[in-house]
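The values are calculated or read from the model by the stated rules, or taken from the named source; none is laboratory data. Only a predicted model underlies this, so the values are computations on that prediction, with no experimental measurement involved. Methodologically, a virtual Cβ is constructed for each residue, glycine included, from the backbone with ideal geometry; neighbour enumeration extends over all protein chains shown. These accessible areas exclude ligands, DNA and RNA; they are computed on the full protein's heavy atoms, side chains included. Shrake-Rupley method; radii C 1.70, N 1.55, O 1.52, S 1.80 Å.
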Amino acid sequence: MSLNRHQIRESAFKIIFAKSANPDADLGELQDQVLEEFHETEAPDKFLKDLVVGVNSNLEAINELIGSELKQGWTVNRLESPDRVILQLGTYELKYTDVPDKVAINEALELAKKYTDENARKFINGVLSNIAAK
C-alpha cells in the first residue's frame, strides 16, 4: 500500500518535527519509525524524501522567509514547534517545488487542523499567504 500525498506530507511533518526535537537523530531512522505507523514497508516515496531533505537542506533560507513575516522581536525559534514545522514545510513547498500555492497552503492548513489550534491556523494561513505572494 502506498501513501497518498496528504499522508506523505503528514509523515514529512512528523519526521521534521522529530528531527527538530532531536537534531542528532538519523533522518533514515526517523523516517522508518514514522512509516511504521502506516504499516508501510515499501521504499519511501520520492516526494517524502524530497520534502524531508528539501526542508532540512534549505532550513536557513526557509526560516529567513518565515522570519520576515513575524512581528518585530519574534524569531522562528520562538514559535511553537508544530507551528514552526508546518510553516517550514509549507514554505518549502511554496518556494522550492512546483506544487500550486493553493494546494501547498491548503495542505499546511490540514496539518494545522490536526496539530494546532484555531489561532495558529489563522497565523499559519497568513504567513504562508504572504510568502506565496512574494
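Inspect all residues belonging to the stretch 5-20 and state whether any of them is closer than 20 Å to residue 106 by Cβ and out of contact with any helix residue (DSSP H, G or I) (no Cβ under 8 Å at 6 or more places or on another chain).
For the stretch 5-20, residues closer than 20 Å to residue 106 by Cβ and out of contact with any helix residue (DSSP H, G or I) (no Cβ under 8 Å at 6 or more places or on another chain): present.
Taking only pairs six or more apart or across chains, which ones have beta-carbon atoms under 7 Å, a first residue in the stretch 73-87 that is within 15 Å of residue 61 (Cα to Cα) and without any contact (Cβ under 8 Å) to a residue 40 or more places away in the chain, and a second residue that is small (Gly, Ala, Ser) and open to solvent by less than 40 Å² (accessible area, probe 1.4 Å)?
Hits for this filter: 75/67; 76/67.
Considering only helices (runs of 4 or more DSSP H) fully contained in the stretch 1-88, which possess at least 1 residues that are open to solvent by less than 90 Å² (accessible area, probe 1.4 Å) and at pLDDT below 90?
27-37
For the stretch 96-108, name all the residues that are surrounded by fewer than 17 Cβ atoms within 10 Å (Cβ to Cβ), touching a residue at least 12 places away in the same chain (Cβ under 8 Å) and part of a helix (DSSP H, G or I).
96, 101, listed by residue number.
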